[in-house]
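To start, the structure itself, in structure tokens.
The values are calculated or read from the model by the stated rules, or taken from the named source; none is laboratory data. Because the structure is predicted, anything quoted here is derived from the model rather than measured. Positions of Cβ are generated from backbone atoms using ideal geometry, with glycine treated the same way; all protein chains shown enter the neighbour counts. These accessible areas exclude ligands, DNA and RNA; they are computed on the full protein's heavy atoms, side chains included. Shrake-Rupley method; radii C 1.70, N 1.55, O 1.52, S 1.80 Å.
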Amino acid sequence: MQNPDQRKLISALCHGSIFFSSLVVSIGIPIAILLVSDDWVIKDNAKEAINFHINLFLYGILAAILAFTVIGIPAAAVIGFGLLICSWLLPIIAIVKTIENANQPYRYPLIWRIL
């Protein structure tokens, strides 16, 4: 078990990794933390961050497919804008929640938990 300050910092880094520009770097940070850490709270936060990355990627692909097949470009633009807002807002909320309560992992709403 790590001390609460280290737990807060590493958990916030997992959720904040989405703000790095490269997809490989942003998803690689929580994967590396998941493999290295022994603390269960940090591992759960890393899994949740990885699941969030995967869900954003899948929702983006779904919006792109829908844009060119079923609903058209205007509706897909609305979906894309919603994904953009969620990709900024939800990680900020996750960082704040993990800093407020270091003993409980944060769970993103409305995502599929693959890991």
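Details
- Length available on full extension from residue 77 to residue 110: 0.36 nm per residue minus the Cα-Cα distance, which gives 9.9 nm.
- log₁₀ of I(q)/I(0) at q = 0.14, 0.23, 0.27, 0.32 Å⁻¹ - segment 1-51, Debye sum with one point per alpha carbon: -0.29, -0.73, -0.96, -1.25
- Estimated distance in nm for a label pair at residue 99 and residue 25, the labels positioned 7 Å out from Cα along Cα-to-Cβ: 2.1
- Positive dipole terminus of segment 28-115, leading residue within 33, 53, 99 (C-beta point charges): 53
- Under the span-like rule (Cα at least 24 Å along the axis, Kyte-Doolittle mean at least 1.6), DSSP H helices of the chain: 73-100
- Rounded percent of accessible protein surface that carbon and sulfur make up, the chain, 1.4 Å probe: 73
- Mean accessible surface per residue for the chain, computed with a 1.4 Å probe while every protein chain stays in place, in Å²: 60
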